[in-house]
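Single-structure report; data block below.
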Amino acid sequence: MRQQIKLLTQLQEIDRHIQRLEKEIDTVPEEIITLRESIKQGENSCEEIGEKLEDMDKDRRHKERELSVKEASLSKYQSQLYEVKTNKEYSALMLEIDSLKQEHSEWENEILAMMERAEELRKMVGRRKEELEKEREKLAEEEKKNQERVSILKEELRKRQEEREEGAKKIEAKLLAYYEKILKGKSGLALVPVNAEACQGCFTKLPPQVINEIMQARRMIICERCSRILYLPDTEEGTDSAG
Ligand SMILES: [Zn+2]
């Protein structure tokens, strides 16, 4: 049993290595996550600004149509100036014309301001789109790097899995089956050392009789509390008494 346990600890080492590799393969690098988020945000904000620009353009076209209506009434009033008979009528018409001119120039200014705002936004979108393009290139680069990293890890994983297969062949079927069953439920630790007379899986103190049995290593001893297979680490097993 001592030899079997030793082989099993080696197998567990390989299994833990395999688990680490699998976890690493599944982990997407922080840089890629950040870039993906940033690109998504950038696309959303470009889309939002695009919609806003459309609204602004619609607004401006509406104002421009209104302006030409004002221009038409202005020229109508101006032609009426030649037809008025009295000073009073003339003054009233001039007042009307002045107020229309005032309105006209206000609207013109407003339309100009709208065009400027739209132009600024268009430039902003342009800059953001350039940035996005760079971010997309960077993402493609990072993803390529990641793929290379993953394929190296997968090769390593393949080797470890072969190693594991070889290692598993040397272990008694019953012991291996029990080990594998526990491994699934105990997050990668099915075989634990005894230290200071306690199981190192659940830290329960073990009775002397159990410790004795483990030392004799005649059969597989499991922790009654956590069901893990117990063993004595090498130092307690031989070197201490030999030295
Ligand atoms: Zn335990």
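The values are calculated or read from the model by the stated rules, or taken from the named source; none is laboratory data. Only a predicted model underlies this, so the values are computations on that prediction, with no experimental measurement involved. Cβ placement follows ideal geometry from the backbone for every residue including glycine, while neighbour counts extend to all protein chains displayed. Surface accessibility is based on the protein's heavy atoms, side chains included, excluding ligands, DNA and RNA. Shrake-Rupley method; radii C 1.70, N 1.55, O 1.52, S 1.80 Å.
For the reader, a short list of remarks on this structure follows.
- Residue in the stretch 137-149 that is touching a Lys or Arg at 6+ places or on another chain (Cβ under 8 Å), more than 12 Å from the ligand (Cβ to nearest atom), open to solvent by less than 80 Å² (accessible area, probe 1.4 Å) and closer than 16 Å to LEU8 by Cα present: no
- Criterion (more than 13 Å from the ligand (Cβ to nearest atom), open to solvent by 60 Å² or more (accessible area, probe 1.4 Å), at pLDDT below 95 and closer than 15 Å to THR9 by Cα) met by exactly one of THR235, THR239: THR235
- LYS169 meets all of the listed conditions (1) touching a Phe, Trp or Tyr at 6+ places or on another chain (Cβ under 8 Å); (2) open to solvent by 20 Å² or more (accessible area, probe 1.4 Å) but one, namely (1).
- Hey, LEU191 buried (at least 18 other Cβ atoms within 10 Å of the Cβ), more than 25 Å from HIS17 (Cα to Cα) and within 16 Å of the ligand (Cβ to nearest atom) or not: no
- In the stretch 125-137, the condition of being assigned by TED's automatic domain parsing to the domain that holds ILE229, touching a residue at least 12 places away in the same chain (Cβ under 8 Å), over 30 Å from SER73 (Cβ atoms) and part of a helix (DSSP H, G or I) is met by no residue.
- Matching residues in the stretch 118-136 - criterion: being open to solvent by less than 100 Å² (accessible area, probe 1.4 Å) and more than 30 Å from ARG60 (Cβ to Cβ): GLU135, ARG136
- Restricting attention to the stretch 196-219, the residues that are away from the ligand (no atom under 11 Å from the Cβ) and without any contact (Cβ under 8 Å) to a residue 40 or more places away in the chain total 11.
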